[in-house]
Amino acid sequence: MKNLLSMEHISNEEIATILKRAAELEAGAPSQLDRSYTVANLFFEPSTRTKTSFEMAERKIGATVIPFEAGFSSALKGETLYDTVKTLESIGLDAVVIRHKVDAYYEELLKGINLVVINAGDGAGQHPSQSLLDLYTIQKEFGTFENLNVTIAGDISHSRVAKSDVYALRRLGANVNFVCPKEWQGEFEAHQGWDDLIETSDVIMLLRVQHERHEADANFSKEDYHAQYGLTIERERQMKDKAIIMHPAPVNRGVEIDSSLVECKRSRIFDQVRNGVFIRMAILETILKGRM
Amino acid sequence: MKNLLSMEHISNEEIATILKRAAELEAGAPSQLDRSYTVANLFFEPSTRTKTSFEMAERKIGATVIPFEAGFSSALKGETLYDTVKTLESIGLDAVVIRHKVDAYYEELLKGINLVVINAGDGAGQHPSQSLLDLYTIQKEFGTFENLNVTIAGDISHSRVAKSDVYALRRLGANVNFVCPKEWQGEFEAHQGWDDLIETSDVIMLLRVQHERHEADANFSKEDYHAQYGLTIERERQMKDKAIIMHPAPVNRGVEIDSSLVECKRSRIFDQVRNGVFIRMAILETILKGRM
Amino acid sequence: MKNLLSMEHISNEEIATILKRAAELEAGAPSQLDRSYTVANLFFEPSTRTKTSFEMAERKIGATVIPFEAGFSSALKGETLYDTVKTLESIGLDAVVIRHKVDAYYEELLKGINLVVINAGDGAGQHPSQSLLDLYTIQKEFGTFENLNVTIAGDISHSRVAKSDVYALRRLGANVNFVCPKEWQGEFEAHQGWDDLIETSDVIMLLRVQHERHEADANFSKEDYHAQYGLTIERERQMKDKAIIMHPAPVNRGVEIDSSLVECKRSRIFDQVRNGVFIRMAILETILKGRM
């Protein structure tokens, strides 16, 4: 693995390796890197948890982090992403973590860029480090992906999390279903209501309703969405005994999920955040080690 | 002391402990922390000196500082402050320093958040670390607060510094008076002119006129304000021999204070900044140690 | 050398010392500093390569870097640059690197500020660290500046790079010519076309067309500019055997230079970036050592 670009570029074996290493790191294993690497986080879109999680993971593997203010960079002067990244490579960086609004922005980087590129979200494309932490969270809970029933509810068409997770989960043997309004199903076939999915799912993964993208076509209010597609208190009560709730966050409390369920017993929302640091340490370590 | 939220939440004994520890740190005492803590500074309002001072203090106690760009975070996507802070806790942070425009924003954090919260300014509420550095500056000068005459001049009603300082100073035995236009006195009884306060004050503390908040009700020009409420060259000449000038800054030169007085012999304006680093080291160390 | 303000404030000997030290650092020489210094980068204008290069250089000499978000600082509240820098000095910083839109902004700092000031670009003034890295790049190539033919093409009047480089290069014995539209020549006498300069130049230095400053007087399209003043594929073929191409970047591909030439054999564009880190290490080290 030379970069982490999308879940389509990573094999089941590589997934297993990263999850195993994350577990070792979580158990306190020391970093296997023999020197300090230099890294920058290029977030051209706002982020709290992904950026902060990478910042933490980088420090935990002993990396030096060079600050990069995307909103105040030469991108404003029309510099191409390639030239920005080539500049950072020339300055001596070993790796960049990038979030960018253009789908598959990384393709223009593959020819000519030698440093490590880790995709932290590309447009309506993928978000592979989120997907790996989701897999890690599920594996810790159930030990396997085989025949697990996973239901993803929400704004599927705009969600890089949904796209990343479904590729990986299906390949690993899980059954994935979708729940959302017809306009939001995108390339997937979704249920337009919960049907019997509440009672049969092992994992219910809620996605953020991206209000900022739906002003024009908002045919229903937040209350309507919650009643029809959200995880209400009533629905939570019908979930299987060991079933868990996931959400990549940020959460719209009272829309995708009732506010009182965010930290309920079966919620793994903040565990996902916690797991993300170990996953990102494992990703960085695995790729940088391979580049030594 | 589990957090630092306002001067109302901190006892005289705790104040004394922090001032004493700041003096030791200023004299070169090594940090008493046994490990490196991880901290983030969440400034949702602009700041130079408070943020930079905390950044410096954090590094001086050996902390790892995780960058947080408030203006480019998930707060833009509507995430609640609670969820942002809970996320940072899940990522592994030990403490957050927060400036936020909402009064007492920290109340929603007290239930459910376990990491250390240090208030670096809440709306028109308090600014306790500034207050502690003001106290430290006064104590270094006079050795005591008993019967000291302190006059605070300026925009009292919008000033978290005024509110924090007056609670603490009166409790510690000082006489505090106010000078400002009637519209700006807020909950306090102020003099609408200097009267005899120039000649009788040991400490004259000037506050920034917050032009950005007074466009509508600006009944006087900067020149008028300076003449009536500012510290002019003439007024400075009438001050007591050992009296000092303070200002939390940023300063509007020629408004609250004549530009030539900013670095005059009795000005402690930049000493306050210097003292702030030791006070913030003491605050962080004291609270983190208590959490060990 | 107490500060680095402009190429007019630095002697030929000082230039030679810095270039020599950069070469040693590039060859792996350890830093000569005996303690860790604390530095901040105050970029009041957007930057990728200069800011990131300083961030890297600072870490490589073992400095502690205090983050400073210019776009979110007290400058917004009307604080003078002097007061901002004096504040950072009081907080304990040893040096500041400043980019600011005001020409010779540093003059107001010289009286009263004791910490090291390194100019990373002042308005339409100078950009001395860029100039030094340009000199280093040229020296590595040709060993000397005597009688070298250097042609600078582009927006001369707005370019701090052009102004910094021409002062230094002429003093060091190079012949410097300019190519640009008449409206852009500023204080210099420029050719309004390439004439025979392609065939006779050892160094062709292209400058970015600053579209953001030329909306009103844009008498020609990007295509016209490229045809008349840009480095086209045809022109590159006529260059001398050992002649090199330089550009301070960011590059407008297809305007100043054909996109395919940016990484061609004679381009030193990304070498300039690489060299910049060693030059900035040498600058910081030389000045801080002198202040010990």
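Summing Cβ point charges (Lys, Arg +1; Asp, Glu -1) relative to the Cα centre of the protein assembly as shown gives a dipole of roughly 2320 debye. One equal scatterer on each Cα of the range A:40-133, no solvent, Debye formula: the resulting log10 I(q)/I(0) at q = 0.10, 0.13 Å⁻¹ is -0.24, -0.41. With all protein chains present, how much of the accessible area of the range A:58-188 (probe radius 1.4 Å) comes from carbon and sulfur, to the nearest whole percent? The C+S portion of the solvent-accessible surface of the range A:58-188 is 48 percent. The simple spin-label model puts a point 7 Å past each Cα toward its Cβ; for A:H211 and C:Q238 those points are separated by 6.2 nm. Each listed q (0.18, 0.20 Å⁻¹) maps to a log10 I(q)/I(0) for the range A:129-268 from the Debye sum over equal C-alpha point scatterers, namely -1.00, -1.26. Between the listed residues C:L42, C:T80, C:A124, the Cα displaced farthest toward the positive end of the dipole of chain C, a dipole computed from Cβ unit charges relative to the Cα centre, is found at C:L42.
Each other copy places its own label point for A:C264 at 6.6, 6.6 nm from this one, sorted shortest first, where the point lies 7 Å along the Cα-to-beta carbon line. When accessible surface is computed with a 1.4 Å probe, chains C and B are found to bury approximately 2200 Å² between them, both chains counted.
Placing a label point 7 Å from Cα along the Cα-to-Cβ direction at C:D241 gives distances to the equivalent points in the other copies of 8.5, 8.5 nm, listed shortest first.
For the protein assembly as shown, a Kirkwood radius taken over Cα pairs fed into Stokes-Einstein (20 °C, viscosity 1.002 mPa s) yields D = 72 µm²/s. Label-point distances for A:G112 to the equivalent site in the other copies, using a point 7 angstrom along Cα→C-beta, read 4.8, 4.8 nm when ranked shortest first. With +1 on each Lys and Arg Cβ and -1 on each Asp and Glu Cβ, how big is the dipole of chain B about its Cα centre, in debye rounded to the nearest 20? The calculation lands at about 880 debye. With all protein chains kept in place, the per residue accessible area of the range A:176-276 amounts to 46 square angstrom at a probe of 1.4 angstrom.
Going by accessible surface with a 1.4 Å probe and the largest first, C:K101, A:K265, A:K222 read A:K265, C:K101, A:K222. Using R0 = 60 Å, the C-beta based FRET efficiency linking B:A227 and B:Y82 works out to 0.80.
The angle separating the long axis of helix C:12-26 from the principal Cα axis of greatest extent in chain C is about 80 degrees. Computed from the C-beta positions of B:H9 and A:K265, the FRET efficiency with R₀ = 35 Å rounds to 0.60. With both labels modelled 7 Å from their Cα along Cα-to-Cβ, the B:V102 to A:F220 distance reads 2.8 nm. Per-residue ellipticity at 222 nm computed for chain C from its helices equals -11500 deg cm²/dmol, with DSSP H segments shorter than 4 residues left out and the rest contributing -39,500 (n - 2.57). Considering only chain B, the C-beta nearest to the rotation axis that sends B to C is found at B:P67, 4, the distance in whole Å. Residues A:D94, B:D134, B:D196, sorted by accessible area with the largest first, give B:D196, A:D94, B:D134 [1.4 Å probe; ligands and nucleic acids excluded]. Pairs of lysines 8 or more apart, or on different chains, with alpha carbons under 19 Å: count those in the range B:1-159, would you? Qualifying lysine pairs in the range B:1-159: 10. The shape of chain B can be summarised by an equivalent ellipsoid whose semi-axes, obtained from the alpha carbon gyration tensor, come to 33, 22, 16 Å from longest to shortest. How far apart, in nm, are the 7 Å Cα→Cβ label points at A:D196 and B:F142? Each label point lies 7 Å from its Cα, and together they span 7.9 nm. Largest accessible area first, the listed residues B:H100, C:H211 line up as C:H211, B:H100 when surface is computed with a 1.4 Å probe on the assembled protein chains.
The values are calculated or read from the model by the stated rules, or taken from the named source; none is laboratory data. Keep in mind the model is a prediction, meaning the values are calculated, not measured. Cβ: placed from backbone, ideal geometry, glycine included. Neighbour counts: every protein chain shown. These area figures cover heavy atoms from the full protein model, side chains too; ligands, DNA and RNA do not enter into them. Shrake-Rupley method; radii C 1.70, N 1.55, O 1.52, S 1.80 Å.
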